[in-house]
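Following: one structure in structure tokens, then a few remarks.
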Amino acid sequence: MIIGSTGQIGSELTMELRKRYGNDSVIAGYITGAEPQGELKESGPAALVDVTDRNSIEAAVTQHSIDTIYNMAALLSVVAESKPQLAWKIGIDGLWNILEVARQHGCAVFTPSSIGSFGPDTPHANTPQDTVQHPQTIYGVSKVTTELLSNYYYHRYGVDTRAVRFPGIISNVTAPGGGTTDYAVDIYYAAVRGEKFVCPIKEGTYMDMMYMPDALDAAIRLMEADPARLVHRNAFNVAAMSFAPEQIYAAIRKQLPAFEMEYNVDPLKQEIADSWPDCMDDTCARQEWDWKPKYNLETMTADMLEKLKARLPEG
Ligand code: SER
């Protein structure tokens, strides 16, 4: 079951899991106001599951005999700053509800952490797997807590919790909402629409990023991994590419030479971006469960532009 199945990652994760395990084996959990639509709705079963309501989680787990929960419910970093209590309620109280149901019904749980779980005093280059985590955003505070609580449930109760620290995820199906790395998605839409892109992040600001097919592969591969090989659990650094705005701009310009970009730096996004790693070291994920991304900036750009050109009216 995927909780948050209509969100940026959840929507594609649900379809990928259905492809691999069969449509009827994968339940799309959703909340009121964010119901599955189109292919997501037509392709398989769905259940109303609100992380803030433990009964709704338990009812779906019991009714559909769920063995694995992908917990994709979250507020992203920028929007969380404007609603810190809600971010905590979804991220931590919600996780607590899920873990309790998982403990009672024997479910495995995947709850993503993030590059946002690091802070200004973390080493920014080749950020180690095990290092200082003092984030200054509520998003980061909730992600560190997520990691600790997930590990606690594993050690204390044997709940099979596993997670990765996702970089900014770039995709062309469902838009992200309110993240610091969203610019690296928005820039492709502007390019294909023939619009000038106004970049909210300063030149020279490096952040880890990943194309959606690799992100889905990371989540599923980790959940399928042999537990005997896992030294770490919550949560693995996973890296695919790291770039600054001028580099993604240049990669797009190679294919769309008329594309233009200017900077109008958003102080909150910039402060958050500056506090995150430039690039993470993902050696442990590679060693413990054979993590290996397929896409780099060039191959991702080619695929993003091709998919968006087919879907969007060109400007
Ligand atoms: N994409 C997320 C954000 O920007 C980072 O995990 O909030």
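Looking for something in contact with a Lys or Arg (Cβ under 7 Å, 6 or more places away or on another chain), surrounded by fewer than 24 Cβ atoms within 10 Å (Cβ to Cβ) and at pLDDT 95 or above - is there at least one such residue anywhere in the range 35-47?
Yes - at least one qualifying residue is present in the range 35-47.
Considering each residue of the range 148-173, count those that are crowded, with 16+ Cβ neighbours inside 10 Å and either more than 13 Å from the ligand (Cβ to nearest atom) or among the hydroxyl-bearing types (Ser, Thr, Tyr) (or both), and give that number.
Filtering the range 148-173 down to residues crowded, with 16+ Cβ neighbours inside 10 Å leaves 149-151, 153-154, 159-172.
Right, trim to either more than 13 Å from the ligand (Cβ to nearest atom) or among the hydroxyl-bearing types (Ser, Thr, Tyr) (or both) and you get 149-151, 153-154, 159-162, 171-172.
The qualifying residues number 11.
Only one of these is away from the ligand (no atom under 15 Å from the Cβ) and surrounded by fewer than 20 Cβ atoms within 10 Å (Cβ to Cβ): Gln270, Gln287. Name it.
Among Gln270, Gln287, only Gln287 is away from the ligand (no atom under 15 Å from the Cβ) and surrounded by fewer than 20 Cβ atoms within 10 Å (Cβ to Cβ).
One residue is enough: does the range 27-34 have a residue meeting the conditions in contact with a strand residue (DSSP E or B) (Cβ under 6 Å, 6 or more places away or on another chain), β-branched (Val, Ile, Thr) and assigned to a helix (DSSP H, G or I)?
No.
Report yes if some residue within the range 209-223 is in a loop (DSSP other than H, G, I, E, B), over 13 Å from the mean Cα position of the chain (by Cα) and either basic (Lys, Arg) or over 20 Å from Glu298 (Cβ atoms) (or both); otherwise report no.
Within the range 209-223 (the criterion being in a loop (DSSP other than H, G, I, E, B), over 13 Å from the mean Cα position of the chain (by Cα) and either basic (Lys, Arg) or over 20 Å from Glu298 (Cβ atoms) (or both)), the answer is no, since none of the residues qualifies.
List pairs: first in the range 100-126 and at positive phi, second surrounded by fewer than 15 Cβ atoms within 10 Å (Cβ to Cβ) and in a loop (DSSP other than H, G, I, E, B), Cβ under 9 Å, 6+ apart or cross-chain?
Sorted first by the residue in the range 100-126, then by its partner, the pairs are Gly106/Asp67.
Looking only at the range 174-214, count every residue that is within 15 Å of the ligand (Cβ to nearest atom) and of a type outside the set (Ser, Thr, Tyr) and tell me the total.
19
Among the residues of the range 115-135, how many are within 15 Å of the ligand (Cβ to nearest atom) and within 16 Å of Arg233 (Cβ to Cβ)? Full working, then the answer.
First, the residues of the range 115-135 that are within 15 Å of the ligand (Cβ to nearest atom): 115-119, 122, 127, 133, 135.
Checking which are within 16 Å of Arg233 (Cβ to Cβ) leaves us with 117, 133.
Residues that pass the stated criteria total 2.
Modelled with pLDDT of 95 or more, over 25 Å from Gly204 (Cβ atoms), assigned to a helix (DSSP H, G or I) and in contact with a helix residue (DSSP H, G or I) (Cβ under 7 Å, 6 or more places away or on another chain): which single residue out of Glu288, Glu306 fits that description?
On the way: Glu306 fails: in contact with a helix residue (DSSP H, G or I) (Cβ under 7 Å, 6 or more places away or on another chain).
It is Glu288.
The values are calculated or read from the model by the stated rules, or taken from the named source; none is laboratory data. A quick note: this is a predicted structure, and the numbers were derived from the prediction, not measured. Cβ coordinates were reconstructed from backbone atoms using ideal geometry, including for glycine residues, and neighbour counts include every protein chain displayed.
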